[in-house]
Amino acid sequence: MITTLDTYFEAETKIEEQDILKYQPPAESESKKEAKEAGYAYEEMKTIAKWIRKDLKKEFGNTIKFSVTSCRYPREINVKVKEISKKYIMDKDEFYEEMMWSSRFDEYMYNDYMEAYETGKFKRYHLKEEIDKKITKIINKYNYDNSDPYTDYFDCNYYDFWEIRSDVTIIE
């Protein structure tokens, strides 16, 4: 009887080994390959934060001042706008024109914008769209995303968050 039990466990082990051999993680995405080749795939977060800070300064100069911080675990970059030139914020007419045709327009957003315009407490969606896209592109310059949601496989260089601080200073 012991031989039968041993045979059973051997067969079970072989099945598990075959299943393990069948599993292949998703292939590396092009963005991860580029990141490895460029040398920033597994770079320290402090270093990546410095690079992002430098790139933002180069792109926007003194018209926008940023606070760029990093965290080792989870790997994340946080960018906050401390000062911003008024030319990057939509004026009332631009905001109304853009939001009127947007599916996310509602009276609350319009009233929120009017209040922000009077108090100077702007939010990210008050920025002109091209500025939002530029900032996001710079922040993600050193990131890659090799995730595969279908197999619940997650792999990116870092998380990124950016916002306009509530106490932002508006530069004329």
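Would you mention how many residues in region 39-60 are modelled with pLDDT under 80, surrounded by 12 or more Cβ atoms within 10 Å (Cβ to Cβ) and either among the small types (Gly, Ala, Ser) or touching a Pro at 6+ places or on another chain (Cβ under 8 Å) (or both)? Reasoning before the result, please.
First, pick out the residues of region 39-60 that are modelled with pLDDT under 80: 39-42.
Now narrow it down to the ones that are surrounded by 12 or more Cβ atoms within 10 Å (Cβ to Cβ): 40-41.
If we keep only those that are either among the small types (Gly, Ala, Ser) or touching a Pro at 6+ places or on another chain (Cβ under 8 Å) (or both) too, we end up with 41.
Number of matching residues: 1.
Go through region 124-158 and count every residue that is β-branched (Val, Ile, Thr) and surrounded by 17 or more Cβ atoms within 10 Å (Cβ to Cβ).
Step one: of region 124-158, the residues β-branched (Val, Ile, Thr) are 131, 135-136, 138-139, 151.
This time we only want the ones that are surrounded by 17 or more Cβ atoms within 10 Å (Cβ to Cβ), so: 131, 135, 138-139.
The number of residues fulfilling the criteria is 4.
How many residues, within region 45-84, are assigned to a helix (DSSP H, G or I), among the polar types (S, T, N, Q) and within 15 Å of the chain's Cα centre (by Cα)? It would help to see each step written out before you state the result.
So in region 45-84, the residues assigned to a helix (DSSP H, G or I) come out as 45-60.
So of that shortlist, the ones also among the polar types (S, T, N, Q) come out as 47.
Retained after the next criterion (residues that are within 15 Å of the chain's Cα centre (by Cα)): none.
Going through region 45-84 one residue at a time, the tally reaches 0.
Would it be correct to say that Glu10 is out of contact with any strand residue (DSSP E or B) (no Cβ under 7 Å at 6 or more places or on another chain) and at pLDDT 80 or above? Break it down into steps so the answer makes sense when it comes.
Values: out of contact with any strand residue (DSSP E or B) (no Cβ under 7 Å at 6 or more places or on another chain): yes; at pLDDT 80 or above: no.
The answer is no for Glu10.
What single numbered condition from (1) loosely packed, with under 14 Cβ neighbours inside 10 Å; (2) at pLDDT below 90; (3) not small (Gly, Ala, Ser) fails to hold for Tyr88?
(1)
The values are calculated or read from the model by the stated rules, or taken from the named source; none is laboratory data. Because the structure is predicted, anything quoted here is derived from the model rather than measured. For neighbour counting, all protein chains shown are included, and Cβ atoms are generated from backbone atoms with ideal geometry for every residue, glycine included.
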